[in-house]
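Peer 1: Please find one structure pasted underneath; my questions will follow.
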Amino acid sequence: MSVVIPFPGNKEGPDARRPAAPRSVPAEDAEVASTAEYPYLATPATKALWWMTANDGGEDAWERALVFAQRAAELGDDAASRMLVYTHEPDSQIPNLLKYLRRHADLGDALAQLRLGQAYYKGRHGAARDAQKAFELFLLSARQGNSHAQFCVGMLYQLGQGVPQNDEQAVHWFREAARRGSALAQGSLGSSYAIGRAPLKQSMQEANRWYRRAALRDDRDAQYMLGRSYLDGTGLPQNYELASRWFARSAQQGHPGAQFDLGFLYWSGLGVAVSHSRAAELYLAAARAGLAVAKQNYGCMLQNGFGVEKDLPEAVRWYRAAAEQGLASSQSCLAWMYENGVGVNKNLDEALRLYRLAAAQGDEHGIKGVERCSSELQACTAHPSTSTS
């Protein structure tokens, strides 16, 4: 379907109103905005795109504008293709996007270099995964001062992906990005101080200082780590109330660890009023995100009816999910359910198998469970009339 674009001065277009000036464009220059100051308005195609987004209040205005930009880019409009490079989402299905990324990266555009690097790193937009190529592009962008590219360079040095592992270079680039306000880099610098990554000396005081900077910029990992420092009293005075506040901010952004630890605080009444129902909600959120220990705790809540309606088969399901992730305590919990026929048919053979898995990891309940089930199965063998299920 064709898209009709109302150009300025076109009285026959669907909207002949004077264009409302974007906030960055002075009202008196709305129709002839300076292309030097506003390079997106450098061509007729992108002037048209600007016109649509400035005047069309429809819910699909931006999508229709992007369709127009794609058409302009296909006709060779560099400003339109650059706009696509700047505004595309990671999972965008824009035709020829990889070509546009390469073109503007070759022209020295720092953001295009960053996003092309991400495409190679993740294997997006038709690019084959190539960590070395990604590193080279991140480095080009980083040297132009792009803070996120600097963070990416630091991470690849830290991980040894696409470049030999080098902690000192990782810290150098984290510092550069952190100095420019990258919350991700600030949090990574905090973690570097926490473990004493070379050339830094281990210091939880410095770690918490950087965690706080990143946390105040809404980095959920840093918020979680700062909460842990308050919870454990690591480099900061122990303060359960402040721990709960930082966990809450991180949990709101979907951090599974923060959801779990905040659930624990609600369960135990540390820093917050006791609320088993709230604890169950948080454990469930963390469990759905894949955190094995949260699956176990939520299973326990279901088994005992703490904060939720008692549901033994559902408790078994969550114990099983955690056990399949290799969590020894969950293997023992699930084994106990089989041993006693709680929420599942009694099965000593399955209980013994699970206890042995847990015991192999040194779990005390697993070790004792192996002894119990082995004795009972031996008794069943000696007295065949005794059932094991």
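The values are calculated or read from the model by the stated rules, or taken from the named source; none is laboratory data. For clarity, every value in this text was computed on a predicted model and none was experimentally measured. Cβ atoms come from the backbone with ideal geometry, glycine included; neighbour counts cover every protein chain shown.
Residue-wise test of (1) touching a helix residue (DSSP H, G or I) at 6+ places or on another chain (Cβ under 7 Å); (2) polar (S, T, N, Q); (3) modelled with pLDDT of 95 or more; (4) closer than 27 Å to Ala286 by Cβ.
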{"site": "Trp318", "(1), (2), (3), (4)": "yes, no, yes, yes"}
{"site": "Ala321", "(1), (2), (3), (4)": "yes, no, yes, yes"}
{"site": "Ala335", "(1), (2), (3), (4)": "yes, no, yes, yes"}
{"site": "Asn347", "(1), (2), (3), (4)": "yes, yes, yes, no"}
{"site": "Gln361", "(1), (2), (3), (4)": "yes, yes, yes, yes"}
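Peer 1: Regarding segment 203-219, can at least one residue be identified that is closer than 23 Å to Ala286 by Cα, hydroxyl-bearing (Ser, Thr, Tyr) and part of a helix (DSSP H, G or I)?
Peer 2: Yes: segment 203-219 contains one or more residues that are closer than 23 Å to Ala286 by Cα, hydroxyl-bearing (Ser, Thr, Tyr) and part of a helix (DSSP H, G or I).
Peer 1: Taking segment 116-145, which residues are closer than 21 Å to Leu66 by Cα, under 20 Å from the mean Cα position of the chain (by Cα) and at pLDDT 95 or above?
Peer 2: Residue satisfying the conditions is Ala119 alone.
Peer 1: Still on this model: Scan segment 225-247 for residues that are small (Gly, Ala, Ser) and either closer than 14 Å to Leu270 by Cα or assigned to a helix (DSSP H, G or I) (or both) and jot them down.
Peer 2: Gly227, Ser229, Gly233, Ala243, Ser244, listed by residue number.
Peer 1: If you check Glu339, Glu314, which single one turns out to be buried (at least 16 other Cβ atoms within 10 Å of the Cβ) and touching an Asp or Glu at 6+ places or on another chain (Cβ under 9 Å)?
Peer 2: Residue meeting the stated conditions: Glu339.
Peer 1: Something else: Return yes or no: is Val370 β-branched (Val, Ile, Thr), under 25 Å from the mean Cα position of the chain (by Cα) and either under 21 Å from Gly263 (Cβ atoms) or modelled with pLDDT of 95 or more (or both)?
Peer 2: Taking the combined requirement at face value, the residue does not satisfy it.
Peer 1: Does Gly263 satisfy being at positive phi, within 26 Å of the chain's Cα centre (by Cα) and at pLDDT 95 or above?
Peer 2: no
Peer 1: Does Ala222 satisfy the criteria of being among the hydrophobic types (A, V, I, L, M, F, W, C) and within 18 Å of the chain's Cα centre (by Cα)?
Peer 2: yes
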